[in-house]
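Enquirer: Pasting a structure here, questions to come.
Read-outs: derived from the displayed coordinates by stated rules, not from any lab. Note that the structure is predicted; figures quoted are calculated from it, not measured. Every residue, glycine as well, gets a Cβ built from its backbone with ideal geometry; the counts of neighbours run over all protein chains shown.
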Amino acid sequence: MNNVTIDKIFEQFTELLEDRFSKQVYTTEDSIRYSLFYCLTNYGRIHPSDVILEYPHPHFSGAKVDTYIPPQNGHFGLVFEFKFDREIPSSKNPPKTQKAGKVFADIFLLVLFKPDNKNVRSYFVYVTDKEMATYFQNPSNQLDNFFNLMPGDILKIDRKYIEKHPRIFVKSVGSNIVDCEVLCYLRKEFPSEIWVRIYEIKPTNIR
């Protein structure tokens, strides 16, 4: 696995998603996860038996990461968290501020994923519809610098960044706030009004 391979995997992944959403196929977060699984095995030459779904987090009892591929044969490992936000036309739709906080809760889960100091790269895959895309891009919510981050650019996240937001946001993030860098790896918007973001997540003390 190298950077060229990662680029190819994400390129094919977004093509699959664009095709899926253009056909208005019913889609869940699992559908998105399995689309990436397909690309990992077909374009990343990763054997299906090397892919672990719902892997227990090494530092938080009961917590799991969505997908983990351990490092082997001198190659770095991969860990992924996925989030698919879509508007639910009912009273069950959580507040947008709460949804936004959950995004950062997943990011911090990745930052703290350190299995025995192994060489592992962490990626957060975020897919959303117009509801949350509009929320993130509204300057008054102070999150547009995250959502509109350009590929290759880095945003530093710390406690100060989190705590400048409303109380419901901070509560949704939780207590595991760690200084980190969010590198935008991929940014796409589909004609079907679906937004895709892939971020590489790193602790600020790791280069």
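Enquirer: Mind listing the long-range amide H neighbours of H57? Cut-off is under 5 Å, sequence gap 5 or more, other chains count too, H placed in the peptide plane at 1.01 Å from N.
Expert: Amide H neighbours of H57, under 5 Å, 5+ apart: A63, K64, V65.
Enquirer: Additional query: Report the trypsin sites (Lys or Arg not before Pro) located in region 109-181 that are in a DSSP loop and have at most 15 other Cβ atoms inside 10 Å of their Cβ, or state none.
Expert: On the way: sites: K118, R121, K130, K156, R159, K160, K164, R167, K171; in loops: K118, K164.
Those that pass, being in a loop and sparsely packed, are K118, K164.
Enquirer: Turning to a different aspect of this structure: Going through region 1-56, which trypsin sites (Lys or Arg not before Pro) have at most 11 other Cβ atoms within 10 Å and a DSSP loop state?
Expert: Working: sites: K8, R20, K23, R33, R45; in loops: K23, R45.
Sites meeting the loop and neighbour criteria: K23, R45.
Enquirer: Which of S192, S172, S49 moves the most in a Gaussian network model of the chain with Cα springs under 10 Å?
Expert: Answer for the Gaussian network model of the chain: S49.
Enquirer: Straight-line reach only, C-alpha to C-alpha below 17 angstrom: list the aspartates and glutamates that K160 could link to, leaving out same-chain residues fewer than 8 apart.
Expert: D144, D179, E181
Enquirer: Among the lysines, which have Cα under 28 Å from the Cα of K118 when same-chain residues fewer than 8 positions away are ignored?
Expert: K8, K64, K83, K102, K156, K202
Enquirer: Still on this structure, please answer the following. Where in region 100-207 are there GluC sites (Glu not before Pro) that are in a DSSP coil and have at most 13 other Cβ atoms within 10 angstrom of their Cβ?
Expert: E193
Enquirer: Take the alpha carbon gyration tensor of region 69-144, find the square roots of its eigenvalues, order them as a ≥ b ≥ c, and report rounded if a/c is under 1.5; if not, report prolate when a/b exceeds b/c, else oblate.
Expert: Cα axes put region 69-144 in the prolate bin.
Enquirer: Quick one: net charge around F76, please, counting Lys, Arg +1 and Asp, Glu -1 for every other residue with C-beta under 9 Å from its C-beta. Numbers along the way, then the final one.
Expert: Numbers: positive: K118, R121; negative: none.
Net local charge, F76 excluded: +2.
Enquirer: Could you please tell me the mean projected area of the C-alpha convex hull for region 3-203, averaged over all directions and given in square nanometres to one decimal? Provide the component values of the computation, followed by the final result.
Expert: Details: hull surface 46.0 nm².
In nm², the orientation-averaged hull projection of region 3-203 is 11.5.
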